[in-house]
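To keep things clear, I will list the structure first and then write my remarks on it.
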Amino acid sequence: MSNRINIQQVAVIGAGTMGLGIAQVAAQAGHEVRLYDAHPAQTARALDDFASRLADRVARGKLSEQDAAALRARLTPAASLNELADADLVIEAIVERLDIKQQLFAELEGICGERCILASNTSSISITAIGAALARPERLAGLHFFNPAPVMKLVEVISGLATAAAVRDTLLALARDWGKVAVHASSTPGFIVNRIARPYYGETLRALQEGVAEPQVLDALMRSAGFPMGACELTDLIGQDVNFAVSASVYRAFFDEPRYRPSLVQQALVEAGRLGRKSGRGFYRYQGGQPEVPALPSPAGRAPERVIVRGDWSGLRGVEALLARYPGTIERENGAPALLIDGVCVELTNGQSAALRHPGRAAMALDWVEDYEQAPCLALGVSACCTPEQVAAVTGFFQALGKQVLLLSDHPGLLVLRTLATLVNEAAEACLHGVASPEDIDLAMRYGVNYPKGPVAWGAEIGYRRLLALLEQLHALYGEDKYRPSLTLRHWAAMEEAHD
């Protein structure tokens, strides 16, 4: 590791929610922190808010009065930038405008000592571009916290083209000393989290545009796969305007790369002022900040007396344990894995629609879940050849196993497996471009957006070959580069095959 720079005095510029949160993190770690804002009244409000938070923690027995007093003493206001001259680290958390950040850091170069590290909390602006305005861009790096900074564990440390290794290593070690999960990324659009998360929103929005199911159904499926929130409820929480703006920014920054193309569905919400919780309506209506979520559909089913289980299903967790619970007759036969129920062939989706996979035949595609025995609901894509009686039989079979059945239109790749495939592909592409290591990508997605697993680990669990085949099907069906498999994903799939 390169020589670590000693950090004692910390300064934070910008006394908004994020700036105050970062200042609190540094003060709690024992640093003397100066907080500056171009509007002195904002600094005063922030420090009053900080004192109120500490008083509340004292009242709840979470903090002693002595420790609260020490924290208050360590976080003090600065009346001008010149008062930050002794800082070892200055963290900027101001408006997301390149010209303003460049102007600020150029001014700080003339104020702070030569060994002072300059860091930006930007979530989207290139560190390389900010550094272009500096005489010594090697002292500049990104230090991207997630809101709320005192609570969220992840910090992205971003190297610009000129960032010194000692600066990078110091910030990584410092963030870990502060109790954070620190990951390193190169300065590319969206860094790690805001880049790799795009497909999570994009695939649900595309499913809505193609009439696959209602928002509450799609959200339920993603929760069933282990995600804390579905994309519709999550974008309502973030703000449809904010999420749309990030997507549009990443899309433009990658020179209109199809993988990041914004959604017309989301644009329509923004144009209508349906921004989510903050406006009272987005995908859902809100009363008192709580969503009014329509009930999930509950299709009528009849359990068939006899089901044929073809092939080996042991590669999908929980399937065999689930089948053992069926009260009717289960018959086994050899062949490719499928369930044969009243003339309907039910298979795990492979990226084709059920109708294209079995032209002219009654067929359904089953979506992927982490554990089929534990998942509360399962999704089926129904081909047009299925009769209502056949749909009822397949529905009744899964209902007899205690599952809520969600019927989707015959969407290629359905939702969960398609979303995971695009997330894994995006992670592979980020590795190919040297944005971050596979380990840091997985850490970033787990701690930055609370995914139950990182995409690289998920790919290994599901199977890189399975995901590659699904993406190749989508690429062929849509004819869009949005679904082109990454070269790195192809390499991972080849290595997986070589080890079997």
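The values are calculated or read from the model by the stated rules, or taken from the named source; none is laboratory data. Keep in mind that what you see is a predicted model, and the values were worked out from it rather than measured. When we count neighbours, we look across all protein chains shown, and the Cβ atoms used for this are built from the backbone with ideal geometry, even at glycine.
Summary table below
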quantity: Options LEU366, LEU406, LEU356; residue that is under 26 Å from TYR464 (Cβ atoms), surrounded by 20 or more Cβ atoms within 10 Å (Cβ to Cβ), of a type outside the set (Asp, Glu) and modelled with pLDDT of 95 or more; calculated: LEU366
quantity: The range 221-235, residues that are surrounded by fewer than 19 Cβ atoms within 10 Å (Cβ to Cβ) and not in a loop (DSSP other than H, G, I, E, B); calculated: ARG223
quantity: Leading residue by the ranking (nearest to GLY318 (Cα to Cα)) among those in the range 447-464 that are assigned to a helix (DSSP H, G or I) and touching a residue at least 40 places away in the same chain (Cβ under 8 Å); calculated: ILE462
quantity: Members of the range 195-211 found to be buried (at least 22 other Cβ atoms within 10 Å of the Cβ) and either free of Cβ contacts under 8 Å to residues at least 24 places away in the same chain or assigned to a loop (DSSP other than H, G, I, E, B) (or both), listed by number; calculated: ALA197
quantity: Output for the range 8-30, where each listed residue is within 17 Å of CYS112 (Cα to Cα) and surrounded by fewer than 20 Cβ atoms within 10 Å (Cβ to Cβ); calculated: GLN8, GLN9
quantity: Some residue of the range 74-90 being surrounded by 16 or more Cβ atoms within 10 Å (Cβ to Cβ) and either β-branched (Val, Ile, Thr) or not assigned by TED's automatic domain parsing to the domain that holds LEU143 (or both); calculated: yes
quantity: Number of positions in the range 138-148 that are in contact with a Gly (Cβ under 6 Å, 6 or more places away or on another chain) and either surrounded by 22 or more Cβ atoms within 10 Å (Cβ to Cβ) or in a strand (DSSP E or B) (or both); calculated: 1
quantity: Residue tally, condition touching a residue at least 60 places away in the same chain (Cβ under 8 Å) and over 20 Å from the mean Cα position of the chain (by Cα), over the range 127-152; calculated: 1
quantity: The lone exception for GLN216 - which of (1) in contact with a Ser or Thr (Cβ under 9 Å, 6 or more places away or on another chain); (2) buried (at least 19 other Cβ atoms within 10 Å of the Cβ) it fails; calculated: (1)
quantity: Number of the exception - ARG198 against (1) out of contact with any Lys or Arg (no Cβ under 8 Å at 6 or more places or on another chain); (2) under 23 Å from GLU96 (Cβ atoms); calculated: (1)
quantity: Yes/no for LEU414 being modelled with pLDDT of 95 or more, on the phi > 0 side of the Ramachandran plot and buried (at least 22 other Cβ atoms within 10 Å of the Cβ); calculated: yes
quantity: Whichever residue in the range 103-131 is closer than 30 Å to MET445 by Cβ and among the hydrophobic types (A, V, I, L, M, F, W, C) and, among such residues, is modelled with the lowest pLDDT; calculated: ILE125
quantity: Positions within the range 245-270 being over 15 Å from ILE196 (Cα atoms) and either hydrophobic (A, V, I, L, M, F, W, C) or out of contact with any helix residue (DSSP H, G or I) (no Cβ under 8 Å at 6 or more places or on another chain) (or both), in sequence order; calculated: ALA245, ARG252, PHE255, ASP256, LEU264, VAL265, ALA268, LEU269, VAL270
quantity: Flag for ALA135 being on the phi < 0 side of the Ramachandran plot and part of a loop (DSSP other than H, G, I, E, B); calculated: yes
quantity: Scope the range 20-40; condition in a helix (DSSP H, G or I) and in contact with a helix residue (DSSP H, G or I) (Cβ under 7 Å, 6 or more places away or on another chain); matching residues; calculated: LEU20, GLN24, ALA27, GLN28
quantity: Filter result (part of a loop (DSSP other than H, G, I, E, B) and over 22 Å from CYS116 (Cα atoms)) within the range 57-94; calculated: ARG60, GLY61, LYS62, LEU63, SER64
quantity: Index of the failed condition, LEU322 passing every other in (1) on the phi > 0 side of the Ramachandran plot; (2) surrounded by 14 or more Cβ atoms within 10 Å (Cβ to Cβ); (3) out of contact with any strand residue (DSSP E or B) (no Cβ under 7 Å at 6 or more places or on another chain); calculated: (1)
quantity: Evaluation of ARG261 against (1) under 29 Å from LEU420 (Cα atoms); (2) loosely packed, with under 14 Cβ neighbours inside 10 Å (one fails), failing number; calculated: (2)
quantity: Test for SER186: is it small (Gly, Ala, Ser), surrounded by fewer than 21 Cβ atoms within 10 Å (Cβ to Cβ) and at pLDDT 95 or above; calculated: yes
quantity: Scope the range 236-281; condition assigned to a helix (DSSP H, G or I) and among the acidic types (Asp, Glu); matching residues; calculated: ASP236, ASP241, GLU271
quantity: Criterion violated by ALA93 - all others in (1) surrounded by fewer than 15 Cβ atoms within 10 Å (Cβ to Cβ); (2) under 17 Å from PRO150 (Cα atoms) satisfied; calculated: (1)
quantity: Residue match in the range 327-337 (condition: of a type in the set (Lys, Arg) and surrounded by 15 or more Cβ atoms within 10 Å (Cβ to Cβ)); calculated: no
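Residue-by-condition table, conditions (1) in the same structural domain as ALA225 (by TED's automatic domain parsing); (2) surrounded by 21 or more Cβ atoms within 10 Å (Cβ to Cβ); (3) over 24 Å from PRO258 (Cβ atoms); (4) of a type in the set (A, V, I, L, M, F, W, C):
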{"site": "TYR372", "(1), (2), (3), (4)": "no, yes, yes, no"}
{"site": "ALA400", "(1), (2), (3), (4)": "no, no, yes, yes"}
{"site": "GLU429", "(1), (2), (3), (4)": "no, no, no, no"}
{"site": "GLY434", "(1), (2), (3), (4)": "no, no, no, no"}
{"site": "TYR447", "(1), (2), (3), (4)": "no, no, yes, no"}
